[in-house]
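J.: Sharing a structure, written as structure tokens. Questions coming.
The values are calculated or read from the model by the stated rules, or taken from the named source; none is laboratory data. Just so it is clear, the structure is predicted and the values come from calculations on it, not from any experiment. Because the Cβ atoms are built from the backbone with ideal geometry, glycine has one as well, and the counts that use them run over all protein chains shown.
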Amino acid sequence: MDWGSILSQRMSRMKASEIRELLKLLDQPEIISFAGGIPDPALFPVEDYQKALAGALTGEAAAVSLQYSVSEGYLPLRRWLAAEMGRLGVVCGVENIFITSGSQQALDYLGKLLLSPGDTALVNWPTYMGALGAFNAYEPAYLRLNGNLGAAEVRAEAAASGGRPKFAYLSADFGNPTGETLDRAGREQLLDLAAELDIAVIEDGAYQHLRYEGEAIPPILALEQARVGSIENCRTLYCGSFSKTLAPGLRVGWVCGASAAIQRLVLLKQAGDLHSSTINQIATAQVAETVFAAHVEQLRQVYGRRRSLVLEALAREMPEGVTWTRPEGGMFVWLTLPEAIDGAELLAHALKHQKVAFVPGRAFFADGSNGNTIRLSFSLHEKPAVDEGVRRIGQAIREMMARPA
Ligand SMILES: Cc1ncc(COP(=O)(O)O)c(C=O)c1O
């Protein structure tokens with residue numbers, strides 16, 4: 001069977017990552033890896049989930065936990081999330097909360113909901129590569145959100161691509177891959193642009209709770225609500241996730257926004273996977289109700305310390321010509337290398353000669369530009385590994401810089 005000959009058009013946009021092969025080498029024990037943007041498993045609230053899952057499987061509860069459930073999501077979890085969004089400054093009810101199987105599913109459904117082939121999605125250069133992967137299936141054109149394009153230019157470019165602008169996607173807090181924060185003025189400006197273009201804003205809050213320094217800035221959705229009154233008038237859809245705060249393996253995320261959009265997402269969920277895992281939602285509701293705030297506080301202490309260790313090591317070890325971001329939260333630091341150094345080539349060299357790994361930056365750019373960038377995740381390592389790993393990266397960069405042109 002020649003599968004290639006019968007594939008849908010959208011599959012032409014779904015490419016395996018070229019760095020995957022290289023990252024397979026990460027299994028070697030001597031490699032210090034800053035590649036995976038994953039939470040530290042030592043910080044999972046294991047006992048809390050043990051209790052919650054045991055309870056969910058005991059007596060009559062099991063009949064609910066193991067049964068099909070509604071597509072909107074488990075009501076007590078949606079109630080807790082509506083209150084949590086309130087703590088973030090968004091006034092909403094359960095009708096504004098939709099549970100997804102991780103926020104990745106929300107990105108897929110939002111692409112499905114809003115994009116026809118040739119429509120334009122505005123994304124940052126660089127942006128979360130998983131968002132590009134999710135949207136690609138719906139065949140959009142991309143325009144650079146952080147490139148100071150005005151509404152007229154966006155409209156003209158989108159028309160030239162054969163569609164219209166539909167949404168702007170971004171993480172305002174500690175995004176993947178740069179770890180940077182969009183300041184309040186930037187958020188307001190984005191809302192102005194979105195209103196002028198009459199497009200949606202997809203706010204990815206995956207790292208929202210992981211702030212280690214500085215004052216919290218309200219989510220874009222909260223700022224918009226302050227302008228327009230009710231969440232029902234908002235064009236921003238906030239995608240949240242328990243993956244970075246509780247546990248990614250349970251696949252529980254959510255969307256918060258106007259009920260007119262939520263109801264349509266529920267239709268996609270019914271057609272997609274009916275509903276997210278009932279028992280995982282029930283257990284997550286209990287864990288969230290009992291330990292969320294205290295647990296997040298513990299994560300902030302540990303990840304905040306690890307972030308500082310990486311920043312200190314970078315200041316010590318990086319050669320001249322390398323710059324990096326100074327994230328106030330999240331899991332990532334983003335390095336810009338001298339132009340002649342390609343991040344993927346550096347990774348190949350670093351894996352072989354220095355036994356250290358990271359993610360090359362090119363895949364985070366919708367146009368595949370800016371190869372001279374890399375992403376380091378600081379979620380997993382303490383001081384000895386950070387010091388040694390960053391020293392090795394510095395050494396690998398020096399070796400690449402010393403190559404004959
Ligand atoms: C910015 C961002 N959004 C969304 C996701 C998807 O997370 P999940 O589907 O586990 O909620 C990730 C995962 O790394 C991410 O970094």
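J.: Given the structure, is L311 out of contact with any strand residue (DSSP E or B) (no Cβ under 9 Å at 6 or more places or on another chain), in a helix (DSSP H, G or I) and on the phi < 0 side of the Ramachandran plot?
T.: no
J.: Residues that are within 11 Å of the ligand (Cβ to nearest atom) and basic (K, R): find the strands (runs of 3 or more DSSP E) completely inside region 79-145 holding 2 or more of those. Walk me through it before giving the result.
T.: Details: elements: 97-100, 120-123, 141-144.
Where strands (runs of 3 or more DSSP E) fall fully within region 79-145, none carries at least 2 residues being within 11 Å of the ligand (Cβ to nearest atom) and basic (K, R).
J.: Please specify each residue of region 62-78 satisfying the condition of being over 29 Å from the mean Cα position of the chain (by Cα) and either assigned to a loop (DSSP other than H, G, I, E, B) or free of Cβ contacts under 8 Å to residues at least 24 places away in the same chain (or both).
T.: Matches in region 62-78: A62, A63, L66, Q67.
J.: Would you mind telling me which numbered condition in (1) away from the ligand (no atom under 14 Å from the Cβ); (2) crowded, with 18+ Cβ neighbours inside 10 Å; (3) of a type outside the set (K, R); (4) in a helix (DSSP H, G or I) H275 fails?
T.: Going through the list (1) away from the ligand (no atom under 14 Å from the Cβ); (2) crowded, with 18+ Cβ neighbours inside 10 Å; (3) of a type outside the set (K, R); (4) in a helix (DSSP H, G or I), H275 breaks only (4).
J.: Right, next: I'm checking my understanding of the structure. Among residues of region 24-39 that are surrounded by fewer than 17 Cβ atoms within 10 Å (Cβ to Cβ) and not basic (K, R), which one is farthest from the ligand (Cβ to nearest atom)? Reasoning before the result, please.
T.: At the first step, the residues of region 24-39 found to be surrounded by fewer than 17 Cβ atoms within 10 Å (Cβ to Cβ) are 24-30, 36, 38.
Going one step further and asking which of them are not basic (K, R), we end up with 25-30, 36, 38.
Working: L25: 21, L26: 17, D27: 20, Q28: 23, P29: 24, E30: 26, G36: 9, I38: 8 Å.
Across region 24-39, the extreme among qualifying residues is E30.
Residue-by-condition table, conditions (1) in contact with a Phe, Trp or Tyr (Cβ under 7 Å, 6 or more places away or on another chain); (2) crowded, with 17+ Cβ neighbours inside 10 Å:
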site: I279; (1), (2): no, yes
site: A283; (1), (2): yes, yes
site: Y303; (1), (2): yes, yes
site: R307; (1), (2): yes, yes
site: V310; (1), (2): yes, yes
site: A313; (1), (2): no, yes
site: R316; (1), (2): no, no
site: W324; (1), (2): yes, yes
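J.: What are the pairs with Cβ atoms under 7 angstrom where one residue, in region 381-405, is at pLDDT 95 or above and the other, located anywhere, is in a helix (DSSP H, G or I) and of a type in the set (V, I, T)? Sequence gap at least six, or different chains.
T.: Every condition considered, the pairs that remain are V386/V310; V390/V310.
Here's the yes/no breakdown for (1) in contact with a strand residue (DSSP E or B) (Cβ under 7 Å, 6 or more places away or on another chain); (2) more than 17 Å from E84 (Cβ to Cβ):
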residue: H209; (1), (2): no, no
residue: E213; (1), (2): no, yes
residue: L221; (1), (2): yes, no
residue: A226; (1), (2): no, yes
residue: R235; (1), (2): yes, yes
residue: Y238; (1), (2): yes, no
residue: W254; (1), (2): yes, no
